[in-house]
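Report on the structure given below.
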Amino acid sequence: MAQLKIPLDAQRFAKGLTWKDYMAQMGDTRARTEDNYAKSALTEEERKFFSGIGQARYVLMLAENWCGDVHRNSPLIAHICEAMPNCELRVFLRDQNADLRDTFLNNGYQSIPVVVFFDRDWNEIGRWIERAHAATAKVVGIRAKTVDVAPKDKQEAAMAEYRKQVQVEYDAPGGPLWRAAAQEVRLVLEQRLGLAPKK
């Protein structure tokens, strides 16, 4: 099967937002993302692994300010990119970049964040989408008890409760859902770069 042509090159990549610029334009969701950035710092072991990945030169992230998975997971991705030597992260707003959005559908869904790692020649070396599998299991369970059972006139309150409970799971001691996400990104890069996992 031929590799899908990704509509991205150095010129377009340069037009993306740096992490700092992305944060600056966030508006009322910025404080939440900054809080998660502070809480999702890499462990020493994670930092050591990612600092040894020199092949990932460019990282594309598709995001939107309103998305909870973006608030919770984009900060971890920023930490990972900061740890990798000579790695540049650029954020593109999904809804303003339909061609990129449609290139990285998640089983037909427009999930975000979408994180794609490229080498210096723009070959894709891995992608990670939305949230860790462990987090998906948690959010499905929380949603079933909040949003899915709330009557129409209580949906807004149920969504607020859902978001609160999901954040509690991320804030658990040791940040297990952030650790799970970091481990998934690590596995993607190990597999694509042919790195043997450490025993």
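The values are calculated or read from the model by the stated rules, or taken from the named source; none is laboratory data. This structure is a prediction, so every number in the text was calculated from the model and none was measured. Glycine also receives a Cβ, built like all others from the backbone with ideal geometry; neighbour counts cover every protein chain displayed.
A few notes on this one:
- Residues in segment 59-81 that are surrounded by fewer than 23 Cβ atoms within 10 Å (Cβ to Cβ) and touching a residue at least 60 places away in the same chain (Cβ under 8 Å) were compared, and the one that is farthest from LEU187 (Cα to Cα) is GLY68.
- Contact map, segment 36-53: first residue surrounded by fewer than 13 Cβ atoms within 10 Å (Cβ to Cβ), second residue in a helix (DSSP H, G or I), Cβ cut-off under 7 Å, separation 6 or more or different chains; the map is empty.
- Here ARG131, ARG143, ARG101 are screened, and the one residue that is of a type in the set (Lys, Arg) and within 22 Å of ARG192 (Cβ to Cβ) is ARG131.
- Cβ separations smaller than 9 Å between residues 6+ apart or across chains give the following pairs from segment 117-130 residues that are in contact (Cβ under 8 Å) with a residue 40 or more places away in the chain to residues that are of a type in the set (Asp, Glu) and assigned to a strand (DSSP E or B): PHE117/GLU124; PHE118/GLU124.
- Look at (1) in contact with a strand residue (DSSP E or B) (Cβ under 9 Å, 6 or more places away or on another chain); (2) buried (at least 17 other Cβ atoms within 10 Å of the Cβ) and you find that ARG120 fails only one, number (2).
- Residues of segment 92-115 that are closer than 21 Å to LEU177 by Cβ and surrounded by 15 or more Cβ atoms within 10 Å (Cβ to Cβ): SER111, ILE112, PRO113, VAL114, VAL115.
- Segment 83-108 residues that are on the phi > 0 side of the Ramachandran plot, paired with ones that are assigned to a loop (DSSP other than H, G, I, E, B) (beta carbon under 8 Å, 6 or more apart): ASN86/GLY54; ASN86/ARG57
- Test for THR33: is it touching a residue at least 24 places away in the same chain (Cβ under 8 Å) and either among the hydrophobic types (A, V, I, L, M, F, W, C) or over 18 Å from GLY175 (Cα atoms) (or both): no
Every residue, every condition in (1) closer than 30 Å to LEU195 by Cα; (2) modelled with pLDDT of 95 or more, yes or no:
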| site | (1), (2) |
| --- | --- |
| ALA2 | yes, no |
| TYR37 | yes, yes |
| GLU45 | yes, yes |
| LYS48 | yes, yes |
| GLY68 | no, no |
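- Hits in segment 126-136 (condition: crowded, with 19+ Cβ neighbours inside 10 Å and either out of contact with any Asp or Glu (no Cβ under 6 Å at 6 or more places or on another chain) or not charged (D, E, K, R) (or both)): GLY126, TRP128, ILE129, ALA132, ALA135
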